[in-house]
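Visitor: My questions all concern the structure below.
The values are calculated or read from the model by the stated rules, or taken from the named source; none is laboratory data. Note that the structure is a prediction, hence the values are computed from the model and not measured. Cβ coordinates were reconstructed from backbone atoms using ideal geometry, including for glycine residues, and neighbour counts include every protein chain displayed. The protein model used for the area step is the full one, side chains on, heavy atoms only, and it has no ligands, DNA or RNA in it. Shrake-Rupley method; radii C 1.70, N 1.55, O 1.52, S 1.80 Å.
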Amino acid sequence: VQLQASGGGLVQAGGSLTLSCAGSGRTFSSYAVGWFRQAPGKEREFVARISRDGTGTYYKDSVKGRFTTSRDNAKNTAFLQMNSLKPEDTAVYYCAADSKGVVTTTPRRYEYWGQGTQVTVSS
């Protein structure tokens, strides 16, 4: 499956952004979708994950209550709604697809990756 992330930008602290991850090429609903981010000089880290059918979600502790992931399999798209953004949320955000049913936060376990989209939160 090919993935394309979009929706990043520059926002002030406390603001909101919604990222999209559009899938194509294979059955999008066959894959769980993970969201990761990578800040300069840091390792890529897990942010959120949504199950194949959208009924299960999992979040990094620091984004719980602020970020929400969802998906629309009819439109082959997953979303990451980010509210109450903080400067420490600044990073390149990636979406990734995983065909396995086990929840994982490890980047290397995701089989397909989209290009990143930059999110910058100013203080």
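Visitor: Output the peptides 29-38, 109-118 sorted from most to least packed, where packing is the average of other Cβ atoms within 10 Å over each peptide's residues. It would help to have the intermediate numbers written out before the result.
Guide: Working: 29-38: 21.7, 109-118: 16.5.
So the order, starting with the most tightly packed, is 29-38, 109-118.
Visitor: Any chance you could get the radius of gyration and Dmax over the Cα atoms of the chain, in Å?
Guide: Gyration radius and largest Cα-Cα distance of the chain: 13.2, 40 Å.
Visitor: Could you run the Karplus curve 6.51 cos²θ - 1.76 cosθ + 1.60 with θ = phi - 60° over the range 27-38 and give me ³J(HN,Hα) per residue in whole Hz, x for Gly and Pro?
Guide: 5, 4, 5, 7, 10, 6, 10, x, 10, 10, 9, 9
Visitor: Note down the accessible area of Asp98, probe 1.4 Å, to the nearest 10 Å².
Guide: About 0 Å², rounded to the nearest 10.
Visitor: For the range 1-54, what does the relative contact order come out to in percent, with C-alpha contacts under 8 Å and a separation of six or more? Numbers along the way, then the final one.
Guide: Numbers: 67 pairs, mean separation 15.7, N = 54.
Dividing the mean separation by the residue count of the range 1-54 yields 29 percent.
Visitor: Follow-up question, since we're still on this one. Over the range 1-65, what number does the Rg to Rh ratio reach, with both radii from the alpha-carbon atoms and Rh per Kirkwood?
Guide: On the way: Rg = 13.4 Å, Rh = 13.6 Å.
Expressed as Rg/Rh, it is 0.98.
Visitor: Hey, another quick one. With only Lys, Arg, Asp and Glu charged, each at its Cβ (+1 for the first two, -1 for the last two), find how big the charge dipole of the range 16-93 is about the Cα centre; round to the nearest 20 debye.
Guide: Details: 12 positive and 7 negative charges, 20 e Å.
My answer is approximately 100 debye.
Visitor: Percent relative contact order of the chain, based on C-alpha pairs within less than 8 angstrom and at least six residues apart? Can you show the working numbers first?
Guide: Numbers: 307 pairs, mean separation 44.7, N = 123.
In percent, rounded to a whole number, it is 36.
Visitor: Rounded to two decimals, what is Rg over Rh for the range 77-123 when you use alpha-carbon atoms and the Kirkwood radius?
Guide: Numbers: Rg = 12.8 Å, Rh = 12.5 Å.
Expressed as Rg/Rh, it is 1.03.
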